[in-house]
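Enquirer: The structure under discussion is supplied below as structure tokens; questions concerning it will follow.
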Amino acid sequence: MNLHEHETEFERAAADPANLRVDLPPIDVNAVLAAHYDLDEPLEFTRTMLWDMELRKARRPDLYLPGGVAPGSARTWTTPALEATGDDVFVRVSEQRNLEDPTDSGPVIEQVGIDHEARTVTFIGTAEHVGPDGGVLRAAEGRSLFHVEHGAGGTESRPLNTMRWVFLAPEDRDGTEARLRGIIGQPARLPEFIEIYIRDVLGVGLRRRAA
């Protein structure tokens, strides 16, 4: 699957009324930092930083999404066929918490496409895929497949973190959307992956202010 096919599949799934589409409001990183955080030193977060974070998170979700991905469970690989597309595409598998049932976790397989020009990363969930050793890997049963698009939008001085999700025919549409918005879409805090990047990569301590 090349980059164009990744993006086409996401839009096709997003347009299907049988699926649950959740477009979270763009997060103005610097505005949220100024309004809701205390920093150990001044920081102007840039779009370049946001994109760097997205690239790191694409390959190591266990480091940037510890609330949902089991530590050390992320693996990525490419194949000669993927390399032949000329695009930045690879396969990722990780142990993830089930958004439809937070008490459950299991393997999630995603085909990943990185659009460096648009600064978006598209994750296409799949039920099974050939692993790097030639064996067939299978995603956890009993949960909806999902696709995700994360992006670094806005301008260099006003970066906007964008997120779109598509769940393929989920049984609990309202509950799944509510849980997702509760985990990520909180206006008074940054997603955990941006907090982690600021602290661990930029080396700037930060604390959320009391509500």
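Enquirer: Going through segment 1-38 one residue at a time, which ones are touching a helix residue (DSSP H, G or I) at 6+ places or on another chain (Cβ under 9 Å) and exposed (fewer than 14 other Cβ atoms within 10 Å of the Cβ)?
Expert: The answer is Asp23, and nothing else.
Enquirer: Pick out, from segment 56-122, the strands (runs of 3 or more DSSP E) lying fully within it that include 1 or more residues that are surrounded by 18 or more Cβ atoms within 10 Å (Cβ to Cβ) and in contact with a helix residue (DSSP H, G or I) (Cβ under 6 Å, 6 or more places away or on another chain). Give the steps one after another, and end with the answer.
Expert: On the way: elements: 75-77, 88-98, 101-115.
Because the criterion is at least 1 residues that are surrounded by 18 or more Cβ atoms within 10 Å (Cβ to Cβ) and in contact with a helix residue (DSSP H, G or I) (Cβ under 6 Å, 6 or more places away or on another chain), the strands (runs of 3 or more DSSP E) in segment 56-122 that meet it are 88-98, 101-115.
Enquirer: Same structure, new question: Out of curiosity, is Ala152 at pLDDT 95 or above and under 26 Å from Val91 (Cβ atoms)? Give the steps one after another, and end with the answer.
Expert: Working: at pLDDT 95 or above: yes; under 26 Å from Val91 (Cβ atoms): yes.
Answer is yes for this residue.
Enquirer: When you scan segment 77-90, do you find a residue that is under 13 Å from the mean Cα position of the chain (by Cα) and modelled with pLDDT of 95 or more, even just one?
Expert: Checking segment 77-90: not a single residue is under 13 Å from the mean Cα position of the chain (by Cα) and modelled with pLDDT of 95 or more.
Enquirer: For segment 41-49, check the following and say yes or no: at least one residue is buried (at least 17 other Cβ atoms within 10 Å of the Cβ) and within 14 Å of the chain's Cα centre (by Cα).
Expert: Within segment 41-49 (the criterion being buried (at least 17 other Cβ atoms within 10 Å of the Cβ) and within 14 Å of the chain's Cα centre (by Cα)), the answer is no, since none of the residues qualifies.
Enquirer: While we're looking at this one, here's another question. Select from segment 155-194 the residues that are surrounded by fewer than 18 Cβ atoms within 10 Å (Cβ to Cβ), at pLDDT below 85 and of a type in the set (Val, Ile, Thr) and list them in ascending order.
Expert: Ile183
Yes/no per residue for (1) farther than 16 Å from Gly203 by Cα; (2) touching a Lys or Arg at 6+ places or on another chain (Cβ under 6 Å); (3) modelled with pLDDT of 95 or more:
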{"position": "Asn30", "(1), (2), (3)": "yes, no, yes"}
{"position": "Leu33", "(1), (2), (3)": "no, no, yes"}
{"position": "Leu39", "(1), (2), (3)": "no, no, yes"}
{"position": "Phe45", "(1), (2), (3)": "no, no, yes"}
{"position": "Trp51", "(1), (2), (3)": "yes, yes, yes"}
{"position": "Pro61", "(1), (2), (3)": "yes, no, yes"}
{"position": "Tyr64", "(1), (2), (3)": "no, yes, yes"}
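Enquirer: Now for a separate question. Is there any pair linking a residue in segment 1-25 that is without any contact (Cβ under 8 Å) to a residue 60 or more places away in the chain and β-branched (Val, Ile, Thr) to one that is loosely packed, with under 15 Cβ neighbours inside 10 Å and part of a helix (DSSP H, G or I), with Cβ under 7 Å and at least six apart or on different chains, and which?
Expert: none
Enquirer: Among the residues of segment 29-78 satisfying the criterion of being touching a residue at least 24 places away in the same chain (Cβ under 8 Å) and among the β-branched types (Val, Ile, Thr), which is farthest from Pro159 (Cα to Cα)?
Expert: Only one residue fits best here, namely Thr76.
Enquirer: Sticking with this structure for a sec: Answer with yes or no whether Asp133 is surrounded by fewer than 19 Cβ atoms within 10 Å (Cβ to Cβ), over 14 Å from the mean Cα position of the chain (by Cα), without any contact (Cβ under 8 Å) to a residue 24 or more places away in the chain and closer than 22 Å to Pro17 by Cβ.
Expert: Judged against the criteria, Asp133 is not a match.
Enquirer: Need pairs with beta-carbon distance below 9 Å; first residue touching a residue at least 60 places away in the same chain (Cβ under 8 Å) and within segment 87-98, second part of a strand (DSSP E or B) and of a type in the set (S, T, N, Q); sequence gap 6+ or separate chains.
Expert: As it stands, the answer is Val89/Gln111, since those pairs meet every condition given.
Enquirer: Kindly indicate whether Ala13 is more than 20 Å from Pro107 (Cα to Cα) and touching a His at 6+ places or on another chain (Cβ under 8 Å).
Expert: yes
The values are calculated or read from the model by the stated rules, or taken from the named source; none is laboratory data. No experiment lies behind these values; they were computed from the predicted model shown. No Cβ is skipped: glycine too gets one built from the backbone with ideal geometry, and neighbour counts run over all protein chains shown.
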